[in-house]
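Notes follow the structure.
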Amino acid sequence: MARQWHAGHSSPVLCVGASEGPEGLLASGSEGGEVTVWSHDGTILGRLTLPGEEDNTSVVFLPAPSRLLYVSHGETVSVLDPRNLKRVVEDFQGAGEEEINSLAMNYNGSALAVADDSGAVRMLELPGGKVCRTLRRHTNICSSVAFRPMRPNNLVSAGLDMQVILWGLQKTRPLWTINLQEVAEEEEDHQQKAGQLFNPPLVHCVSVASCGNVVACAAEDGRVYLLRVGSGSKIEQHGVVKAHSQGASQAHFLSFFSHPYWLATGGNDGQVALWDLSQSPVVVPEGKAKSGALVTHRRKAKGRTKAKQHSQSKAATAHKVLTNEEEVETEQEKEEDVVEAGSSTELLLGDKKEVLKTGPQMSFSHGDKVNWVCPALLKGVPSLVVADQTSSLSVYSLSGV
């Protein structure tokens with residue numbers, strides 16, 4: 001049963017973020033520009049409505065010792081002091097070219113990534129907020145960004161063009177790009193029945209495990225797409241988990257369990273789930289799975305299919321290419337044959353199928369459409385903080401894991 005944190009907002013909560021360290025602070029942002037800072041027991045420490053009263057779309061904490069709070073609203077990023085939430089410390093006006101959807105902080109707090117509706121990803125230097133580079137490759141809204149932990153020059157971006165891109169920031173170019181529409185089509189080749197319809201895999205959220213080598217993408221088709229990054233930052237393996245019966249809006253790896261492959265997801269079906277992916281064939285390199293060596297049959301990917309655009313006007317704005325950009329596609333020519341059956345994943349091994357159970361370790365019927373899922377240690381208890389269409393937060397304990 002979830003605990004409820006009330007009175008922090010007067011409108012639906014859109015985003016939640018947690019600080020690291022013993023303080024255990026949380027911050028939430030809502031429609032209308034309301035920002036609330038909470039203690040680890042749900043006590044409200046401060047509230048502030050940002051100027052302009054635009055919807056808050058993302059909140060992230062600067063790592064210790066300062067733990068400043070960065071909040072995106074409209075095209076602006078506001079810097080707040082969570083211990084003195086009476087005024088804005090600093091505004092980065094025009095941090096986004098259009099409305100900002102996602103913020104990501106690198107592990108040492110020296111750079112902030114900003115993803116917006118134009119499809120661009122801007123890198124801001126910290127402190128100061130100076131735009132030091134702009135990454136252009138998405139042809140539609142860029143919905144989510146995440147740094148690879150302990151790799152401050154590697155950034156993953158994903159968007160409504162169904163593209164997932166790993167960027168090498170030193171040369172400001174993609175190291176690889178993968179189109180999830182192509183991955184979904186391979187799945188449908190094995191599964192699709194006459195008259196069966198699938199939502200396109202528009203990506204709403206991207207997360208990278210603390211090991212830095214596994215990427216999870218929550219998509220509109222209800223699936224979570226998994227990518228394993230190997231040596232040379234190339235894609236070694238990919239697969240799919242059928243996570244939700246409607247669009248998957250959230251996917252976040254947890255960093256406080258025994259291994260880095262615990263994943264929390266939330267969806268438009270009102271479900272919140274916790275997955276143990278430690279034995280997934282995507283996560284476990286070939287030959288190291290408990291069931292023995294897996295020799296995976298590979299085939300060349302289909303030719304690229306032009307993704308249907310979610311917004312033609314956004315696509316026109318974002319269709320620019322940086323100079324000196326090069327796309328590394330050698331590994332993209334090789335893709336795994338993965339199909340799913342119910343709550344299982346079937347990995348094609350030559351001419352036979354091996355089934356790996358991938359049902360959730362825990363599942364909560366939250367009821368409302370999920371806007372955000374935030375893993376957090378609250379008074380030492382592993383928890384998931386969930387925001388939905390209401391003005392309250394729900395807290396689920398994971399102590400039974």
Self-check item: Amide H within-cut-off set for ASN101, under 5 Å, with H built and near neighbours excluded
Solution: ALA115, ASP116, ASP117
Quiz item: What number comes out for the charge environment of SER102, summing +1 per Lys or Arg and -1 per Asp or Glu over other residues with Cβ under 12 Å away?
Solution: -2
Practice problem: Determine the dipole magnitude for region 101-191: charges of +1 sit on the beta-carbon of Lys and Arg, -1 on that of Asp and Glu, nothing else is charged, the reference point is the Cα centre, and the result goes in debye to the nearest 20. | Solution: 900
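How much net charge surrounds SER10 when only other residues with a Cβ under 11 Å from its Cβ are counted (Lys, Arg +1; Asp, Glu -1)?
With Lys, Arg at +1 and Asp, Glu at -1, the net is -1.
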Quiz item: Distance in nm between label sites at THR134 and PHE256, each 7 Å beyond Cα in the beta-carbon direction?
Solution: 3.9
Quiz item: Going by accessible area, probe 1.4 Å, with all protein chains left in place, what is the ranking of LYS369, LYS171, largest first?
Solution: LYS171, LYS369
Quiz item: So what is the relative contact order of region 201-251, in percent, for Cα pairs below 8 Å that sit 6 or more residues apart?
Solution: 36
Exercise. Quick one: grab Rg to one decimal and Dmax as a whole number for region 1-82, Cα atoms only, in Å.
Key: 12.0, 38
Quiz item: How long, wide and thick is region 67-132, going by the Cα atoms along their three principal axes, in whole angstroms, largest first?
Solution: 34, 24, 16
Practice problem: Report the local net charge at GLU23: Lys and Arg +1, Asp and Glu -1, summed over other residues whose C-beta lies under 10 Å from its C-beta. | Solution: +1
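Greater than 28 Å separation of Cα atoms is the criterion. Which listed pairs, LYS86/LYS369; LYS86/LYS130; LYS130/LYS369; LYS130/LYS171; LYS130/LYS379, meet it?
Going by Cα-Cα distance, LYS86/LYS369; LYS130/LYS369; LYS130/LYS379 fall outside the 28 Å limit.
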Quiz item: Where does each of THR172, THR265, THR49 land when they are ordered by accessible area, with a 1.4 Å probe and the largest first?
Solution: THR49, THR172, THR265
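The values are calculated or read from the model by the stated rules, or taken from the named source; none is laboratory data. Everything numeric here is computed off the predicted structure, so don't read it as measured data. With ideal geometry, Cβ positions are generated from the backbone for all residues, glycine too; neighbour counts draw on all protein chains shown. Accessible surface areas use protein heavy atoms only, side chains included; no ligands, DNA or RNA. Shrake-Rupley method; radii C 1.70, N 1.55, O 1.52, S 1.80 Å.
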